[in-house]
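Single-structure report; data block below.
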Amino acid sequence: MANNAQFDGEVVESGVQGGLILMAASFLGVVIANTPWAADYFAFWEWKVAGLSMLHWVNDLLMTIFFLQV
């Protein structure tokens, strides 16, 4: 059991989990954009929050946080 706890800590610290989540989210976005749900997918990115589209929020806010962390 101690080895598993040590391995889990190494995985979290190495950033593997973040990379896997990023890859899974990218894959899910590509799949959804190429299904009959594509219209809803693209409408979501145009949804306005505080006067800015979701696409704008992701590009400016979340990507800034991501690059500051990396």
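The values are calculated or read from the model by the stated rules, or taken from the named source; none is laboratory data. No experiment lies behind these values; they were computed from the predicted model shown. Heads up, the Cβs are rebuilt from the backbone with ideal geometry, glycines too, and the neighbour counts pull from every protein chain shown. When the accessible area is computed, the model is the full protein with side chains, heavy atoms only, and any ligands, DNA or RNA have been set aside. Shrake-Rupley method; radii C 1.70, N 1.55, O 1.52, S 1.80 Å.
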Seminar exercise, completed: Taking protein heavy atoms only, a 1.4 Å probe, and rounding to whole percent, the accessible area of the range 31-70 owed to carbon and sulfur comes out at 72 percent
Problem set entry | Distance in nm between pseudo-label sites at His56 and Ser26 (7 Å out along the Cβ direction from Cα) | 2.7 nm
